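**Student:** The structure is given below, and queries will be raised subsequently.
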């Protein structure tokens, strides 16, 4: 599979790695990866969309090949980084797609910079803040990483990322995701866990969203469950929701066929309306 070449730029003093593929005049779609992964998780989507769209993926600060910088990590900072990337690429408006943490960033960016987005795709994510139980779990994860390392943490979270199918345990996708997790800086992962625990909700802004929205979620997602997707769907007027069968948190890998079909259908619909 041919993947877009990495492009490294410096934005506001921060070294950021991204890919930018397709016709510059085509509708632009920006993909934001989840935690604790990197832009490589979107390689298959880049491959299938590059001939019709300008497809951009990037490494959130501290992940992949992007520098972490010196600022305290927060979802607000990640959203500001996204705006800075759009500015650096001279993109006034884009279609935005975020998975899990990428969805948190997307929803915060929509809240802060609504004029920069034509439409929104939310994948296996939610609008609510962490519950006390979730915060406690993140604190325990930080302790586990500091004591046992990032490899142990990968073992702990991988099982929840994929559909419970014995075949998946040796799948190419699981190996790739493990590699992404284990290549992440333990310090950045711990600091991001703090950022996730401290994030505020974006649910109260959902009714203000007035652009086309697609919500995708794995039927077996226990990290950001279908009920969270259903809630967002109920609050965002005119949004479309699809639950993907035989898919857990990484629904774009568990059920790539249905994920990609719904994604492509939505993109065709929203881009045709603009023409």
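**Student:** Give just the number: which of (1) closer than 22 Å to residue 199 by Cα; (2) under 19 Å from the mean Cα position of the chain (by Cα); (3) free of Cβ contacts under 8 Å to residues at least 40 places away in the same chain does residue 136 not satisfy?
**Tutor:** Status for residue 136: all satisfied but (2).
**Student:** Scan region 233-260 residue by residue and report those that are part of a helix (DSSP H, G or I), crowded, with 19+ Cβ neighbours inside 10 Å and touching a helix residue (DSSP H, G or I) at 6+ places or on another chain (Cβ under 6 Å).
**Tutor:** If the condition is that a residue be part of a helix (DSSP H, G or I), crowded, with 19+ Cβ neighbours inside 10 Å and touching a helix residue (DSSP H, G or I) at 6+ places or on another chain (Cβ under 6 Å), then 251, 252, 253, 259 are the ones that fit.
**Student:** Now for a separate question. Inspect region 162-169 for any residue being in a helix (DSSP H, G or I), crowded, with 18+ Cβ neighbours inside 10 Å and at pLDDT below 95 and give the result as yes or no.
**Tutor:** yes
**Student:** Are any residues in region 65-108 under 19 Å from residue 6 (Cβ atoms), in contact (Cβ under 8 Å) with a residue 60 or more places away in the chain and touching a helix residue (DSSP H, G or I) at 6+ places or on another chain (Cβ under 6 Å), and if so, which ones?
**Tutor:** 68, the sole residue that qualifies.
**Student:** Can you confirm whether residue 49 is within 27 Å of residue 150 (Cβ to Cβ) and either surrounded by 19 or more Cβ atoms within 10 Å (Cβ to Cβ) or within 16 Å of the chain's Cα centre (by Cα) (or both)?
**Tutor:** no
**Student:** Only one of 115, 111 is farther than 18 Å from residue 7 by Cβ, modelled with pLDDT of 95 or more, in contact with a helix residue (DSSP H, G or I) (Cβ under 6 Å, 6 or more places away or on another chain) and part of a helix (DSSP H, G or I). Can you tell me which?
**Tutor:** 111
**Student:** Another one. Every residue in region 43-60 that is touching a residue at least 60 places away in the same chain (Cβ under 8 Å) and under 18 Å from residue 99 (Cα atoms), please.
**Tutor:** The answer is 44, 45, 48, 49.
The values are calculated or read from the model by the stated rules, or taken from the named source; none is laboratory data. On a predicted model such as this, the values are computed, not experimentally measured, just so you know. No Cβ is skipped: glycine too gets one built from the backbone with ideal geometry, and neighbour counts run over all protein chains shown.
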